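The values are calculated or read from the model by the stated rules, or taken from the named source; none is laboratory data. None of these values were measured; they are calculated from a predicted model. Every residue, glycine as well, gets a Cβ built from its backbone with ideal geometry; the counts of neighbours run over all protein chains shown. For the accessible areas, the whole protein counts, side chains as well, though only heavy atoms, and no ligand, DNA or RNA atoms are used. Shrake-Rupley method; radii C 1.70, N 1.55, O 1.52, S 1.80 Å.
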Amino acid sequence: MSNIKVMTIFGTRPEAIKMAPLALELSCRPGLEALCCVTAQHREMLDSVLHIFGLKPDFDLNIMQPRQTLSSITSKCLLGVEEVLEQARPDLVLVHGDTSTTFAGALAAFYQKIPVGHVEAGLRTYDKWSPFPEEMNRKMVGAIADLHFCPTVTNRDNLARENIAKGVFLTGNTVIDALRTTVVKDFTFSEKVLNEIDYVNRKVVLVTCHRRENYGQPMAHIMNALRRIADAFPETELVYPVHLSPVVQEAAHQYLDGHPRIHLIAPLAVDEMHNLMARCYLVMTDSGGLQEEAPALGKPVLVLRRETERPEAVRAGTVKLAGVEEEPIFLLASRLLSDQSAYDQMAHAVNPYGDGRACQRIADAIEWHFGLRSQPPEPFDGGTAREL
Ligand code: UD1
Ligand code: UDP
C-alpha cells in the first residue's frame, strides 16, 4: 500500500507556529507522506517561523500584498491551493485555526472532495463580528471538516452544540508542543534592548496588539492606556514587538513613540518571543496565541478585547478580559503593578491548553482514521497546573 499523503496548508505566523511541529511529527511517521503548502499570507513573519523550525514547504503561493484585503487573500488562496491540490492529490488536507488561509484552504479541498482535518477546532465567541473575520472562518471550516482536532473540552462541547460529534478528537493545543522546544534558561536575544533590561528589578510588560476589530478607536484607547501605564509606573519597561501591518505600525508609532521606557521593536522570532514571555512580569495582548502561552509560563494576561474564545485560563484565574476602553485597561494594569497579592493571585502556571503531546495525538488520530493503527489516541486529560 502506498503512503497516505497528508498536506498541511498554512499562511500566517500563528498558524505556522502551531502547524510546524505537527508537519515535523507527520514527516516522521513511516506510513504517511507529509506535504506542506504555504500560502504566505504573511511573508517575513512566516519565513521567520519556518526558519526556526527548519521546515521547507513543498509549495509556496507567495500571495502577500501590503494592506491586503480579506477578499484578495481569500481569492488568491482559493485559486492557488486549487492548483496545488490538482498537482499533489493529497488524501487529507490539514488547516489550522481561523485565518483567511484556513477558510480558503478548506474550501479549495472541499471543492475537490478531499477530506479536511481542522487543527484547533471548536473555538467560538458566538459573535460573528468579534473576532472579525475569524469567528466566521472557523465556523465555516467546522462545517466543511471531516476531522476536528479540539484543544480543550470546551472546544469539543462547542462542536457538539453544532451537532458535530463524528471525527472529533481531544488533543490539546500544538502551541504548547512548540513552547516546549523554545524556552531555555540562558537565552541571548538578538535585539540589543532585550539583553540590557534588568528583568529582576524592572517590571517588564510585554504587549502585542494587531486584531482587525481593534483598528481605529479601540487601538487608540489601548495605546493611550499603555502610555499612561508607563508614565504612572517608573519601574516598568513596556516591550511591544509591533506587527508588520501598516495600520498597526502607524497606530503604535503615533501614540507610543518617544517614551524612554516604551520599546517598539520589530516582530520577534518565535524563540525570542517565548523567552521574553518567560522573563516578563505581565502580558497585555489581543493575540490568541499569547493567551495560551503565557498561562503555561505562569504570567498574568490582560486581554485587550471585549471577548475571548479561550475562556479556560480566565476560569483558571490567570487571564482577565480588560476590554478596549482606556480607563478599565489602565485600572486593571495599575492593580497588577501595585498590589502584590492581586498579582500573586493571577501569577501561577496553568496548562489548560495542552501538555506538549498534541501533535503526537493528531498524527495518531490520522493514522487510526486511515486504518494504520488499531486504537485512537487517548484524549488530552484537560490540563493541570503542572509546569511545562
Ligand atoms: C492575520 C489573520 C489573523 C491573525 C493574524 C496573525 C486573517 C483575516 N487574519 O491577520 O487572524 O491573528 O494574521 O498575525 O487571516 N504584513 C507584512 N509582512 C508580514 C505579515 C504581514 O508586511 O510578514 C503586513 C502586510 O501589509 C499585510 C498586513 O500586514 O497586508 C496584514 O496582514 P493580514 O494577513 O492581511 O492580516 P493580519 O492582521 O496579519
Ligand atoms: N509571536 C512571535 N513574535 C512576535 C509576536 C508574536 O513569535 O513578535 C508569536 C506568539 O508567541 C504566538 C503567535 O506569534 O505564538 C501569535 O501570533 P499572533 O499574535 O500574530 O496571532 P494570533 O494568535 O492572535 O492569531
Completion exercise
Among the residues of region 36-46, the number that are surrounded by fewer than 21 Cβ atoms within 10 Å (Cβ to Cβ) and more than 12 Å from ligand 2 (Cβ to nearest atom) is 1
Completion exercise
Exactly one of GLY117, GLY80, GLY97 is away from ligand 1 (no atom under 11 Å from the Cβ) and either under 21 Å from the mean Cα position of the chain (by Cα) or polar (S, T, N, Q) (or both), and that residue is GLY117
Exercise for the section: Examine region 141-158 for a residue that is open to solvent by 20 Å² or more (accessible area, probe 1.4 Å) and over 19 Å from ARG361 (Cβ atoms), and state whether such a residue exists. Expected result: yes
Exercise for the section: With the condition kept exactly as written, say whether any residue in region 364-385 is surrounded by 16 or more Cβ atoms within 10 Å (Cβ to Cβ), modelled with pLDDT of 95 or more and among the small types (Gly, Ala, Ser). Expected result: yes
Fill in the blank from the handout: Scanning region 64-86 residue by residue, those buried (at least 19 other Cβ atoms within 10 Å of the Cβ) and within 16 Å of ligand 2 (Cβ to nearest atom) turn out to be MET64, ILE73
Handout entry: In region 48-63, residue farthest from ligand 2 (Cβ to nearest atom) [restricted to those that are open to solvent by less than 60 Å² (accessible area, probe 1.4 Å) and not hydrophobic (A, V, I, L, M, F, W, C)]
Key = PRO57
Fill in the blank from the handout: Of (1) at pLDDT 95 or above; (2) within 30 Å of SER100 (Cβ to Cβ), ARG228 fails just (2)
Handout entry: Per-region count, region 1-26, residues away from ligand 1 (no atom under 16 Å from the Cβ) and either outside any helix (DSSP H, G or I) or under 20 Å from GLY371 (Cβ atoms) (or both)
Key = 10
Practice task
Examine region 193-211 for a residue that is open to solvent by 70 Å² or more (accessible area, probe 1.4 Å) and in contact with a Leu (Cβ under 9 Å, 6 or more places away or on another chain), and state whether such a residue exists.
Solution key: no
